[in-house]
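One structure below.
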Protein chains: 2
Amino acid sequence: MKFELVKSDGSARRGTLTLAHGVVETPTFMPVGTAATVKGLTPDEVRSAHSQILLANTYHLWLRPGLDLLVEAGGLHKFMQWNGPILTDSGGFQVFSLEARRKLDEDGVTFSSHIDGSRHRFTPENVLAFQEAIGVDIAMQLDVCVKLPATPKAIDESVRLSAEWARRSAAARRREETALFAIVQGGLDKAARERSAREIVALNLPGYAIGGLSVGETREEMYEFARFSAALLPENKPRYLMGVGTVRDIVMAVECGIDMFDCVYPTRCGRNGRAMTRDGEFAIRNAAYVRDFSPVDPKCDCYVCTTFTRAYLAHLFRAGEMLGPRLLSYHNVYLLNDLMRDARAAIEEGTWASFRNSVLQETPV
Amino acid sequence: MKFELVKSDGSARRGTLTLAHGVVETPTFMPVGTAATVKGLTPDEVRSAHSQILLANTYHLWLRPGLDLLVEAGGLHKFMQWNGPILTDSGGFQVFSLEARRKLDEDGVTFSSHIDGSRHRFTPENVLAFQEAIGVDIAMQLDVCVKLPATPKAIDESVRLSAEWARRSAAARRREETALFAIVQGGLDKAARERSAREIVALNLPGYAIGGLSVGETREEMYEFARFSAALLPENKPRYLMGVGTVRDIVMAVECGIDMFDCVYPTRCGRNGRAMTRDGEFAIRNAAYVRDFSPVDPKCDCYVCTTFTRAYLAHLFRAGEMLGPRLLSYHNVYLLNDLMRDARAAIEEGTWASFRNSVLQETPV
């Protein structure tokens, strides 16, 4: 893995990330393919929507289809026929969301599957080994997440154990083509964030993520802590803010000096009939769109917006037709990728501040 | 509309049907786009799966999105962005399936919507006017369907009223570009079928359909009555067998001298995880396919079969991922269109009998 910081404009960064399966221009949005599929879209469509890299979930893939099958298939890329870069999260976030179904100890975490109740165990080592074995470009360390608000003790423990697990992950690396990223934790506690960043930066890993945000805090808190955490990370390494995906949040995160984002937001919105546009979001099922023969987003040049009308999509959603969620998911992903392309151009041209302001003005969400 | 019978091989026919929106080579299979969408597929995919014409449902479109909206959208083709030929059925079959929710009289049929219970009325005239107004290439007459087994009295009444409604439909025609087809009824009663055919053939319409089959009779009865009914129809007009869609049934129907077919079968199977192949059908969720890295149908050259494995599709279905139904629907439609292309070639080359025998041998369904 190679990361080159091409240009900065204020705190906003324009970079180039070279991974085993291709080059990613940053800042970049990663659509989420939880279970080896970006919901409703073929890999060709994910590509034609201008996605450069996608995210898949270790927790889900571990349970189904499982390690053996993915290895037998020739790895995750071949299994799902996506030949671009893939980042997998470590499953930490999912496992800690299970709450009553998991038990943490110093060495790892034991949990029962949400699918069939079967018992499983994640350790920093076996989670990294899984990600390496399925051949992903970027592997995330197993970390310990806390729900906000959290007690100082819970935050300290999450910081201590996450850093320790980052060290163990680093020591367990076996595969050159898979770049390991560690994760800054620390909740809404600046001293804890500083401690967390200091410990994992010392490991000199290829990249760093900011975890424990977008989990219930206010937006202002999220921006504040994203900015604070980003500033603690080395300038010459990519920075990834986990779980961020509205137009406004992404623009604010770029402003905070972040390079990579992922979120189910555009595809989940797409399935639920929520259209994202450069001028804000709207619910396609709303009566206002039944006879609206304009495109979903008149400013968008994607297949959906250049082919179909809001009235047609409104009809598909009202009739419960599968094509509706599919088309709107495609458009939403395209829109975010388009936004990122424009953001990159603005940083290159030194016009980031005015681009940012105009997007924030037009997009309340 | 123009129909040219290019070649016959035994009873099997090879023809060319020229419609307002393009040319259809027959025999042809029409995928079903009930509510202005072939479920899960874009119009581009319907085309790339080699569909030449699709079927939509007057009953469903009447209720949702309704006449006004379709007219405002510029017609059904423009609304759904399918620029090839469209045939709409008359809604007769759907209305008569409602049973307790409909009331037949000499002039038409009154029914309540399955969506919201609202009252509606179909007459031969308003159903044809609807189909003409939304701009379809082929309109079906409103007919009176009977469930099998039926009493002789019910069959006679269905034949009498269907023929009378065919006359009224013919008299109500206003639009040159929409070709009206009438429908032979008569259940499993040859004298009634003869009477039905005689009355509607006298109207000298552009084409004729065989209705009231594939509704609960045995397969042998269906084939017998399809053959019998086809022979009653003029040789120089297209013949359409309604609601037929398995590989075996289509091949048998071509053998009976039929030119056109429609069925939800390939898309319904696709959504339910049932794969159609040249060597029969199988359930993709079956444990046998979890580690099967071969294509859905090794004899198929469609996008799905040349890109993904059975193991991947099995995973998508097990994980409840929308992409599974979508991909399998595409393959199934492609497979039937491919079968039709080979059937047309066999008739042209005078090798229909051996083609038919080989398909029937390999395909139990």
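The values are calculated or read from the model by the stated rules, or taken from the named source; none is laboratory data. Nothing here was measured: the structure is a model prediction, and the numbers come from that model. Here the Cβ positions follow ideal geometry from the backbone for every residue, glycine too, while neighbour counts run over all protein chains shown.
The set of residues from the stretch B:118-150 being more than 21 Å from the chain's Cα centre (by Cα) and at pLDDT below 95 comprises B:Pro149, B:Ala150. Taken together, the residues in the stretch A:146-171 that are surrounded by 21 or more Cβ atoms within 10 Å (Cβ to Cβ), in contact with a helix residue (DSSP H, G or I) (Cβ under 7 Å, 6 or more places away or on another chain) and not β-branched (Val, Ile, Thr) amount to 5. If only residues of the stretch B:311-343 that are charged (D, E, K, R) and surrounded by fewer than 23 Cβ atoms within 10 Å (Cβ to Cβ) are counted, the one that is nearest to A:Asp68 (Cα to Cα) is B:Arg318.
Only residues that are basic (Lys, Arg) and at pLDDT below 95: list them for the stretch A:213-247, please.
In the first step, residues of the stretch A:213-247 are kept if they are basic (Lys, Arg); the result is A:219, A:227, A:237, A:239.
Residue satisfying the conditions is A:Arg219 alone.
If you go through the stretch A:192-212 and keep only what is hydrophobic (A, V, I, L, M, F, W, C) and either at pLDDT below 95 or surrounded by fewer than 24 Cβ atoms within 10 Å (Cβ to Cβ) (or both), you end up with A:Ala192, A:Val201, A:Ala202, A:Leu203, A:Leu205.
Of the residues making up the stretch A:313-365, those that are farther than 30 Å from A:Gly15 by Cβ and either more than 8 Å from every other protein chain (Cβ to nearest Cβ) or in contact with a helix residue (DSSP H, G or I) (Cβ under 6 Å, 6 or more places away or on another chain) (or both) are A:Leu313, A:Ala314, A:Leu316, A:Phe317, A:Gly320, A:Leu323, A:Gly324, A:Pro325, A:Leu327, A:Leu328. Taken together, the residues in the stretch A:263-276 that are touching a Pro at 6+ places or on another chain (Cβ under 8 Å), surrounded by fewer than 23 Cβ atoms within 10 Å (Cβ to Cβ) and not in a loop (DSSP other than H, G, I, E, B) amount to 1.
Do we have A:Ala56 as buried (at least 17 other Cβ atoms within 10 Å of the Cβ), within 13 Å of chain B (Cβ to nearest Cβ) and without any contact (Cβ under 8 Å) to a residue 12 or more places away in the chain here? When the stated conditions are applied, A:Ala56 does not pass them.
For the stretch B:6-25, name all the residues that are under 15 Å from B:Ala346 (Cα atoms) and of a type in the set (A, V, I, L, M).
From the stretch B:6-25, those under 15 Å from B:Ala346 (Cα atoms) are B:6-15, B:25; that's our starting set.
Correct list: B:Val6, B:Ala12.
Is it the case that the stretch B:244-256 has a residue that's assigned by TED's automatic domain parsing to the domain that holds B:Thr42, within 21 Å of B:Ser8 (Cα to Cα) and in a strand (DSSP E or B)? No, that holds for no residue. Determine whether A:Gly22 is surrounded by fewer than 24 Cβ atoms within 10 Å (Cβ to Cβ) and under 30 Å from A:Leu323 (Cα atoms). Against the criterion (surrounded by fewer than 24 Cβ atoms within 10 Å (Cβ to Cβ) and under 30 Å from A:Leu323 (Cα atoms)), A:Gly22 does not qualify.
For the stretch B:69-85, the tally of residues that are aromatic (Phe, Trp, Tyr) and within 7 Å of another protein chain (Cβ to nearest Cβ) stands at 1.
Looking only at the stretch B:100-115, decide whether some residue is without any contact (Cβ under 8 Å) to a residue 60 or more places away in the chain, acidic (Asp, Glu) and either within 13 Å of chain A (Cβ to nearest Cβ) or assigned to a helix (DSSP H, G or I) (or both).
No, the stretch B:100-115 has no match at all.
Can you name the residue in the stretch A:86-99 that is part of a helix (DSSP H, G or I) and buried (at least 24 other Cβ atoms within 10 Å of the Cβ) and, of all such residues, is farthest from the other protein chains (Cβ to nearest Cβ)? Out of the qualifying residues, it is A:Gly92. The lone criterion from (1) surrounded by fewer than 23 Cβ atoms within 10 Å (Cβ to Cβ); (2) touching a strand residue (DSSP E or B) at 6+ places or on another chain (Cβ under 7 Å) left unmet by A:Ser51 is number (1). Residues that are of a type in the set (D, E, K, R) and within 14 Å of chain A (Cβ to nearest Cβ) were ranked within the stretch B:274-291; the one that is nearest to B:Asn332 (Cα to Cα) is B:Arg285.
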